[in-house]
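Bear in mind these aren't lab numbers, they're just calculated from the coordinates by the rules spelled out. These numbers come from a predicted model, not from an experiment. Using ideal geometry, Cβ is built from the backbone for each residue, glycine included, and neighbour counts are taken over all protein chains shown.
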Amino acid sequence: MKKSLFGKCRKLNKICVLYAVITAVVFACGFGIQIAQARNASGVEIEFSEEELAYIAQEKELRLANFSVRAPLSYTEDGELHGICVDTMKWIETNTGLHFTYLEIPAGGNPVDYITQGTADIAVGVLRYGGNTNNPDIILTDTFFESDMVLVAKKGAAIDMSKPLKVFVSKGYRMGYQFMKDSYPDYDVVYAESTEEALRALQNGTADLMLQSVYVIDEFLKRPTYSDLMLYKSSVAQEELTCAVSADEDKALVDILNKAIAAMPEEYTRQLIVDYTITRMYYPTFAEQIENNPMLFIAMGVVLLVLIVAAVLFVRLQSRSKMMRLMSKNEEYLQNITNNIHGGLVIITKKDDFRVTYANDRFWNVVSGESGATPKTDSLFLDFICDEDKDKVETGLKRAWTSGEMIELQFNIKNGDTKKPILLNGTRSDDSNGQRNITCVLIDFSREQMLKEALEDEKEMYRIFMEDSKDVVFYGDIKTNEYTWPPFYKERFGIEPPRKIADGNGQEAFGTVIAQEDLIPFVTALEALKTGKKQPELRVRLKTADGMNRWHKVKLGCMEKNGTVYRILCRMTDIDKEVNRMKQLSDASMRDKLTGLYNKNAFYALVEKFIEDNGKKGILLFLDLDNFKNVNDQLGHLAGDEVLIGVAGSMKNIFRSDDIVARFGGDEFIIFVKDSDEKIAADKIQYLREEIVRIKEECRAENTGLSACVGVSIYPDDAEDIEQLVSKADEAMYYVKQHGKNGYAFYKDVYKDVKNMVDK
């Protein structure tokens, strides 16, 4: 007759343990939050002015201040900023060419303070209201997002808005606070430290109403914690979200932002609202489940307690028949549990050389290789083992039987004509009646072997992928300081990348592959990444064997375990064509199309930069071609263009490459000679006059009367800003025109001459 594992009262302790485990597992269950968002913001073409393109071409890294605790507008999740405002700015970044770095504003912070204190370049999500619109220190962009202000109250609360009420407004929501103060002067309007504090005040009766943005409050009212609250008034006013920049900032930045906001598709904005409000679900935490469903968990605890008490009572029963009836009711249930354990469960007794006294269905599946295999009752365990492994398994079972230690064995079992690798964990168990068994769990190890092979396949696929990838992806092991590069690196760049980098030797090692100008920012970011600090996107030039460095966009990441970074990751994307194209566009906006010299705007900007950065002495020459109209009238405009091109070419040869030479307009040219003096300037003017004589002969313009008048001003003696320098050089040039043309004059001499005439 077959012995049942659970058919005797001495096995009651095993039942109690199983029940306890099942109930504990139920208590350990929780829920997670996963938000899947997918948006495709197609690029749009935005027409920018020359000034705006020049600003974009600077590639300035602009710091954006965003709220970190104002979901769904802007919030931090998994260490990164998300939300409607954040995705809006990412769209602008993609479609304008601006470059942003994102800063977090904590709860209660004022984004405008980040602008006035110089901490950020742009504050995102600034509310348009009197306090901001009248602030002389900032400029607000056009509105990029609108929402309603709403009032929240406790369900069932008797609210009479004609009477003075107490209204809570969270810190940082200054527009809402000011609105309530202005609209309801009799109300007691109070700042709360956070939205959660304001909501708790509603729940405990401290506040009558709470004011908040509809999208922000919707994020909270989804939670079971606030199920006793409701929207009392769905719209009391409209709020407008803008960006704020410093009043001292280049106006071009505001114009670029406004053009981007105007060009942003309405469909994109609507999709953001859907993704961050309707689609974004809230899943209660385990603590919230307990708080909101206390009776369920109390009932589960009661069930556990009842089971334990019942087990104790049954142990004390004197009637064997009663216990048998009780145990029979649970035998099928517990049998099902053991049959669903991942792996084979078998109980062995040493009697008759390790005979199987119980085994679940999974065990018979493992040893037979068939699903639903028929159990072989009263079998010897060693009969399932391959001959070459029997001695090892028998020795291990004997050790467990005599010493009681846990054993772990790897062996092969018979599976028809093949072998199946098995991992066994077993331990001795003695019940209260002195019955000794060995309980073992068997795992089919062939699955792990398949996973190992699959992993090797994935590694090979990764290797093939990286060989064909255009991006340079490498990673470094923090512990060993070893770096793994793609196999194509040396072939593509002609340079061997660093493989082993000692601590503190990053600059020397990476200096072999990264241009000197970009080396320090890259190594600094890499060292900071090792401490877990997230790093912004970089741009570096990778060296090549032929000396033609190529621009790459760098994204850095890291892998952590138990709060410690153990691996850093780097992805470099080739953007050389893009960077050069932007440079060409920038150069084109600064150049005169006919002569190739700088244009007027570029001249002013470059001289201003010289004055700001350097401050050394400089000479400004203002040249006007005399009788140039005669060339066009007598010889035609093509001949006139040839003269202008010739004069420009001569200027490039006479003046240094570091000097700033520009066509001011028409037949006027302007030159700024850096770090020069009057004698050098006079010599270069003389060379230039000789060149004009030569050009006049080459262009057959001898009879046109072509010559040049040059006015000279000196920085900083005559003036300390570019506008005054140009004006005074212009005055000196006209003085020459009025006194016979074909010559030059210094402003200081002209001034003395005019002053003497006035004194007389």
Report summary line: Residues whose built amide H sits under 5 Å from the amide H of Ser68, excluding neighbours closer than 5 in sequence, are Ile105
Query - Charge context of Ser68, other residues only, Cβ under 11 angstrom, K/R +1, D/E -1 - result: -2
Query raised in the report: Once amide H atoms are built 1.01 Å from N in the peptide plane, which residues 5 or more positions from Leu62, or in another chain, come under 5 Å H to H?
Result: His99, Phe100, Thr101
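Efficiency by 1/(1 + (r/R0)^6): what FRET value for Asn425 and Glu517, r their Cβ-Cβ distance, R0 = 60 Å, to the nearest 0.05?
Numbers: r = 60 Å, r/R0 = 0.99.
The calculated FRET efficiency here is 0.50.
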Query - Pairwise label distance in nanometres, Lys251 with Asp587, each label 7 Å out on the Cα-Cβ vector - result: 3.0
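Which net charge results when you count Lys and Arg as +1 and Asp and Glu as -1 among the other residues whose beta-carbon is under 12 Å from that of Met210? Don't skip to the end; give the middle numbers.
Numbers: positive: Lys154, Lys166, Arg200, Lys233; negative: Glu196, Glu197, Asp208.
Value of the local net charge: +1.
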Query - FRET efficiency estimate (nearest 0.05) - Cβ-Cβ, Glu240 to Thr206, R0 30 angstrom - result: 0.45
Query raised in the report: Tell me, Kirkwood radius of the range 469-576 from alpha-carbon pair distances, in Å?
Result: 14.0
Report task. Determine ³J(HN,Hα), in whole Hz, for all residues of the range 84-89 in sequence, where each value follows from phi through the Karplus function 6.51 cos²θ - 1.76 cosθ + 1.60 and θ = phi - 60°; x replaces Gly and Pro. Result -> 4, 5, 5, 5, 4, 5
Query raised in the report: What whole number of Å gives the distance from the Cα centroid of the range 161-178 to the Cα centroid of the range 51-116?
Result: 28
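May I ask you to compute the full-extension gain from Ile495 to Asp142, defined as 0.36 nm times their residue separation minus their alpha-carbon distance, rounded to one decimal in nm? Let's see the in-between values first.
Working: separation 353, 0.36 × 353 = 127.08 nm, distance 4.98 nm.
Contour length minus the Cα-Cα distance gives 122.1 nm.
Express the relative contact order of the range 469-576 as a whole percentage, based on alpha carbon pairs under 8 Å and six or more residues apart in sequence. Could the numbers behind the result be given before it?
Details: 203 pairs, mean separation 30.4, N = 108.
Normalised by residue count, the contact order of the range 469-576 is 28 percent.
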Query raised in the report: Roughly what would the spin-label model give for Ser162 and Thr402, points 7 Å off Cα along C-beta, in nm?
Result: 9.7
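For the pair Leu606 and Ala639, what calculated FRET efficiency results from E = 1/(1 + (r/R0)^6), where r is the Cβ-Cβ distance and R0 = 35 Å, to the nearest 0.05? Provide the component values of the computation, followed by the final result.
Working: r = 31 Å, r/R0 = 0.88.
Given R0 = 35 Å and the Cβ-Cβ separation, E is 0.70.
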Report summary line: With x for Gly and Pro, the residue-by-residue ³J(HN,Hα) of the range 532-544, computed from phi through the Karplus equation 6.51 cos²θ - 1.76 cosθ + 1.60 at θ = phi - 60° and given in whole Hz, is x, 7, 5, 10, x, 5, 10, 10, 9, 9, 8, 6, 10
Query raised in the report: What length, rounded to one decimal in nm, is gained on full extension from Val303 through to Lys741, with 0.36 nm per residue of separation minus their alpha-carbon distance?
Result: 146.6 nm
Query - the range 146-221 shape via C-alpha gyration tensor axes, a/c threshold 1.5 - result: rounded
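What does the charge count around Ile520 come to, taking other residues whose C-beta lies under 15 Å from its C-beta (Lys +1, Arg +1, Asp -1, Glu -1)?
Values: positive: Arg539, Arg541; negative: Glu508, Glu517, Asp518, Glu527.
Surrounding charge for Ile520 is -2.
What shape does the range 591-759 take by its C-alpha gyration tensor, where a ≥ b ≥ c are the square roots of the eigenvalues and a/c under 1.5 counts as rounded, a/b above b/c as prolate, and the rest as oblate?
Verdict is oblate for the range 591-759.
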Query - Simple spin-label estimate for Lys679 and Thr418 in nanometres, 7 Å along Cα-Cβ - result: 9.7
